[in-house]
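The structure appears right after this line, and notes come after that.
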Amino acid sequence: MSTSAPLRSGTFEQRLIRRGDADYEATRAGSMWNQRVPARYPEVIVIARDVVDVVAAVRWAAKRELRVSVKSGGHSWSGNHLRDDGLLLDVAALDEVTVDRARRRATTGPGRKSNELAAMLGRQGLAFPTGHCLGVCVGGYLLQGGFGWNGRAFGPACMSVVGLDIVTAEGELLHASEEENADLFWAARGSGAGFFGVVTRFHLKVYDKPRVTAAAGQTFPLSALEPVLRWMHAIRAEVPASVELQLAITGDAFGVGGPGIELFAPVFANSLRDAWRALRFLDSPIRRLAKRRIPMLPVPLSALYRLVMTHYPSARYGVDNLWTHAHVDELLPHLEHAARTLPPPPSHLLWLNWSPPAGARDARMAFSMEDETYLALYGCWQRAEDDARYAPWAVSNVRRMQHLASGCQLADENLGERPARFVSDDHLQRLDAIRLERDPRGTFQTWMGRP
Ligand SMILES: Cc1cc2nc3c(=O)[nH]c(=O)nc-3n(C[C@H](O)[C@H](O)[C@H](O)COP(=O)(O)OP(=O)(O)OC[C@H]3O[C@@H](n4cnc5c(N)ncnc54)[C@H](O)[C@@H]3O)c2cc1C
């Protein structure tokens with residue numbers, strides 16, 4: 001599987017990959033991380049080598065009234081970048097990183113993988129809330145919000161974006177920050193798959209790396225679902241911000257030998273003592289129900305990445321999600337239904353404790369949708385013949401409880417199949433107004449599920 005296609009040589013026009021070319025289908029399908037590649041066919045694909053190519057591609061498309069979609073790492077579950085008839089611009093090759101340790105600043109191209117950025121910063125004693133999985137690129141990740149390691153303490157990653165270099169619908173390269181092109185800066189931080197420009201570089205604020213990364217876990221049989229969820233709900237506001245407490249309900253829970261619940265609690269602290277204190281809430285009555293208890297152990301971030309990836313093998317996926325502050329009494333019947341109907345392992349339902357929300361109070365960016373609890377459903381299977389059987393699981397289960405949702409997260413969006421609220425209403429109005437001014441001819445694609 002490849003998410004960045006080989007580069008053709010020659011002039012810009014010679015490097016266009018058109019529908020019908022021998023390498024078209026491999027490039028189109030290879031642009032997706034999700035192996036369930038949608039049947040949507042861009043007219044032309046451009047693999048940009050540099051910013052000059054990005055400018056040329058946007059101008060070339062605008063002249064021909066082709067709509068532009070952009071791809072960095074291709075990790076959009078829904079394949080948002082694959083649209084019919086337009087121009088697909090792949091910017092994965094723009095992946096240069098610079099670090100200014102003294103100023104606690106870094107810059108990165110959109111094609112840099114989140115985990116690589118974490119390792120580069122880590123070697124200099126620095127950190128950034130990079131995404132939890134190997135291979136996710138910063139391009140799509142930072143535009144949509146970005147829920148990363150130590151994210152409850154740092155906030156959604158887009159809060160730490162201090163500037164962006166953007167190629168606009170006019171094909172102009174601009175810098176956007178609080179001081180310059182502030183409308184684009186506001187829009188880029190949270191508009192995700194509906195952003196109307198091509199980001200060629202992000203300017204980031206970075207942080208001192210916490211001295212200790214550790215994690216603890218407990219696993220339960222599915223029969224313990226109700227008490228475990230009631231406990232999660234009851235303690236949600238007490239969990240220290242340094243802990244990313246989460247549950248995965250899955251068909252093959254670690255140490256259970258069948259359907260069950262995996263509780264995972266990574267913690268970031270400056271001493272083992274602080275980490276241990278932060279996890280003291282795990283010493284709770286539900287411990288008795290656990291089949292396995294893994295005490296707090298120091299774990300390098302690279303090992304956390306590998307651990308998380310056991311839940312996300314290369315496969316076909318159907319995904320959907322919701323934010324909610326509903327009471328557990330209301331959620332429970334729907335979560336039980338989702339658990340009973342799970343596709344094969346490692347399909348799972350994630351319950352992430354995000355309480356109290358970290359970023360929505362910030363009116364300085366488009367990002368505005370978060371809540372106490374994040375629920376995401378990841379259906380995962382291997383064979384195309386099983387698409388009809390398993391693909392509807394995530395969307396149909398979220399539909400059952402969408403009356404309890406405040407909105408959805410753009411990270412795991414499936415807006416083409418289930419349109420949902422992804423920013424606050426006033427922020428959406430403002431995004432539409434900025435789009436009209438910056439991209440009046442609609443050169444850039446917008447979110448699926450919207451005209
Ligand atoms: C296995 C897996 C694990 C994940 N884990 C996390 C996680 O821990 N936390 C989290 O927050 N999210 C997570 N995600 C979701 C992921 O962050 C989003 O799908 C994100 O959009 C992926 O970025 P990308 O550049 O790899 O993907 P792409 O598919 O390339 O980008 C998604 C969309 O963003 C826009 N875009 C991308 N690059 C640019 C650009 N340079 N300029 C303008 N627009 C652009 C396009 O509209 C594009 O369709 C995960 C996804 C997967 C598949």
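The values are calculated or read from the model by the stated rules, or taken from the named source; none is laboratory data. Everything quoted here is computed from the prediction, not taken from an experiment. Positions of Cβ are backbone-derived with ideal geometry, glycine not excepted, and every protein chain shown enters the neighbour counts. Just so you know, the surface numbers come from the protein's heavy atoms only, side chains and all, with ligands and any DNA or RNA stripped out. Shrake-Rupley method; radii C 1.70, N 1.55, O 1.52, S 1.80 Å.
Hey, what angle do you get for helix 51-63 against the long axis of the chain, alpha-carbon based, 0 to 90 degrees rounded to 10?
Taking Cα atoms only, the helix is inclined about 70 degrees.
Rounded to a whole number, what % of the accessible area of the chain do carbon and sulfur atoms account for, probe 1.4 Å?
Exposed carbon and sulfur together represent 51 percent of the surface.
Just to be sure I understand the model, the point goes 7 Å from the Cα along the line to the Cβ. What's the resulting Ile294 to Ser223 distance in nm?
2.4 nm
Which listed residue (Leu335, Leu352, Trp276) has the Cα farthest towards the positive end of the charge dipole for the range 239-370, taking +1 on Lys and Arg C-beta and -1 on Asp and Glu C-beta about the Cα centre?
So the residue furthest toward the plus end is Trp276.
Just name one of Ala56, Val299, Gly146: the one whose Cα is farthest towards the positive end of the charge dipole of the chain (beta-carbon charges, Lys/Arg +1, Asp/Glu -1).
The residue sitting most towards the positive pole is Val299.
Which angle between 0 and 90 degrees, to the nearest 10, do you get for helix 425-438 versus the longest principal axis of the chain when only C-alpha atoms count?
20 degrees
Using a 1.4 angstrom probe and counting only protein chains, how large is the accessible area of Tyr374 in Å², to 10?
Here the accessible area works out near 10 Å².
Once label points are set 7 Å from the Cα along Cα→Cβ at both Arg104 and Ser177, what is their separation, rounded to one decimal in nm?
1.7 nm
Relative to the Cα centre, what is the charge dipole magnitude of the range 130-206, using +1 at the beta carbon of each Lys and Arg, -1 at the beta carbon of each Asp and Glu, and rounding to the nearest 20 debye?
500 debye
Rounded to the nearest 10 degrees, what's the angle between the helix 328-340 long axis and the longest principal axis of the chain, both from Cα atoms, 0 to 90?
The answer is roughly 80 degrees.
Cα centroid distance between the range 156-186 and the range 238-260, in Å?
37 Å
Name the residue from Val68, Pro129, Trp186 whose Cα lies farthest towards the positive end of the charge dipole of the range 56-192, charges +1 on Cβ of Lys and Arg and -1 on Cβ of Asp and Glu.
Highest projection toward the positive end goes to Pro129.
Grab the Cα-Cα distance for Ala303 and Ile235, subtract it from 0.36 nm times how many residues apart they are, and report the gain in nm with one decimal.
Taking 0.36 nm per residue and subtracting the Cα distance, the gain is 21.7 nm.
With all protein chains present, calculate the accessible area of Ile47 using a 1.4 Å probe and round the result to the nearest 10 Å².
Ile47 exposes around 20 Å² with every protein chain in place.
Leaving out ligands and nucleic acids, note down the accessible area per residue over the range 201-284 with a 1.4 angstrom probe, in whole Å².
Heavy-atom SASA per residue in the range 201-284 reads 40 Å².
Rounded to the nearest 5, what % of DSSP beta bridges with both residues in the range 13-90 are antiparallel?
Counting only bridges with both partners in the range 13-90, antiparallel ones make up about 20 percent.
Provide the FRET efficiency to the nearest 0.05 for the Asp432-Glu385 pair, computing r from the beta carbons and using R0 = 60 Å.
0.90
With every protein chain kept in the model, how would you rank Glu178, Glu413 by accessible area, 1.4 Å probe, largest at the top?
Highest to lowest solvent-accessible surface, that is Glu178, Glu413.
Quick check for you: with a 1.4 Å probe and neighbouring chains kept, what is the accessible area per residue of the range 292-451, in Å²?
For the range 292-451, the per-residue accessible area is 44 Å².
Please compute the per residue accessible area over the range 13-90 with all protein chains in place, 1.4 Å probe, rounded to a whole number of Å².
Heavy-atom accessible area per residue stands at 40 Å².
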